Amino acid sequence: MKKSLLLTSVLAAGLLITSCSSETVTEPDMANLESANTLSFTLRMPGGEKVSYTRADDNMIHDASEYSINNLALYEYRIEGENETLVRVIKSNGKGKNVLDLTDKNSDNSYNISITVPSEYIGKEFRYRFVANESVADPEVDSPFSDFLVTKVTRELLDGNSADALSSNGIVMSGVAKNGSTDVITIAEETKCTVEMVRIVSRIDIKYETPNLRLTSVSLRNAPKSGYIFAQEALPTIESGDCLTLLPRTDLTFPDFIKDMEAEEGENKTEKVELEKVFYLYERANSETASAMVHIEYEVDYNNKVDDEGNRVYYHGSIDVPFAKADGSFVDAIRNHRYTIVLGNGKEPVAGEIKFNIIVNDWIDVAIDDEFTSDDPEVTSGEENN
């Protein structure tokens, strides 16, 4: 698990399906089926039912919308020297011999999939790439992978969209088959491969346990409109015209001011608020001049104070959290990572401006075991972010 402490802020975004898919599939000469061979794949999802719980409340780190496969496509590329060209496309909604069977599913949400390869493949080298939950048009047969590498997803966000736009039909994932540690598959009579599917988006969560704090709204600013199906050699730098504001998922609710729990051994304890899956975010590079950021509006209850007319007095504030560390260096938004914003220090009520930090984890089947602590580096919005 990769982990580092960051300072960050939340943005807003939206999505539109902008391109159509091609149902055309191709196949090599399969005339001599009696001498054909089987190539098997085990597809491992990026989340599932195994170790998918957080430390605090046994909440799922992943749910079905984040690891399910609704449709799947396999792209077979032949390797000849320096050239890598497309031979055929096989899909879960394909026709004839070119159909991927997704019925063989294991208890950990992995899939066992097999395809038939002609005997002429024996001893030759191929790469097999998988794309899930995407309806992109198929590349042309004999086209190089370099063409497909720079293909963007069909889900293009629009201002006013919520984070559900990136997950409602299953989060787009991609993966490459490996035999052992290599992705160059030399075909034998019975070759078995594994495929680690990777979500092409990152996720943002928000947590706090400060008793006099209430969030009123959040948004994700400078979110990319679109993303690439496959990881690029360098993360895209997003121009202002190619980003927007993304709203949180539609069913997100903000709890009222949380109450102190019964103290144990002289220590004050409070309930924890964990807002999970607040946003999903396409990959982007972040810098001082161009960064995604989370905008948070909040209220602070001044110890039940009231004004002269008996009305409760609240402090209304807002913060912008960029993808930056306390030392000022920026951190990129990377696919399949979780960015958790931690508000307050978990021990003292907020007195005006709120303190925050961010924890970055790989978005895999591991538990977050970080405690809320005042020992972590903290910066107030007034000191560093105004």
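For the range 126-137, what does the Karplus curve 6.51 cos²θ - 1.76 cosθ + 1.60, with θ = phi - 60°, yield as ³J(HN,Hα) per residue in whole Hz, taken in order and with x for Gly and Pro?
Whole-Hz 3J(HN,Hα) from phi for the range 126-137: 9, 10, 10, 10, 10, 9, 10, 6, 9, 10, 5, 5.
Got a sec? What order do Glu82, Glu120, Glu66 fall in by accessible area at 1.4 Å, biggest, i.e. largest, first?
Most to least solvent-accessible, the answer reads Glu82, Glu120, Glu66.
Stretch Glu80-Ser329 to full length: gain in nm at 0.36 nm per residue minus the Cα-Cα span?
Gain on extension, Glu80 to Ser329, equals 85.4 nm.
For Phe356, which sequence-distant residues (separation of 5 or more, or a different chain) have an amide H within less than 5 Å of its own amide H, given hydrogens modelled in the peptide plane?
Amide H neighbours of Phe356: Gly344, Val379.
Quick one: Karplus J couplings for the range 290-296, per residue in order, coefficients 6.51, -1.76, 1.60, θ = phi - 60°, nearest Hz, x for Gly and Pro?
8, 9, 5, 8, 9, 9, 10
Using a 1.4 Å probe on the protein heavy atoms, what percent of the accessible area of the range 147-272 belongs to carbon and sulfur?
The value for the range 147-272 is 43 percent carbon and sulfur by accessible area.
The values are calculated or read from the model by the stated rules, or taken from the named source; none is laboratory data. Because the structure is a prediction, the values reported are computed rather than measured. Each accessible area value is taken on the protein alone, full model and side chains, heavy atoms only, with ligands, DNA and RNA left out. Shrake-Rupley method; radii C 1.70, N 1.55, O 1.52, S 1.80 Å.
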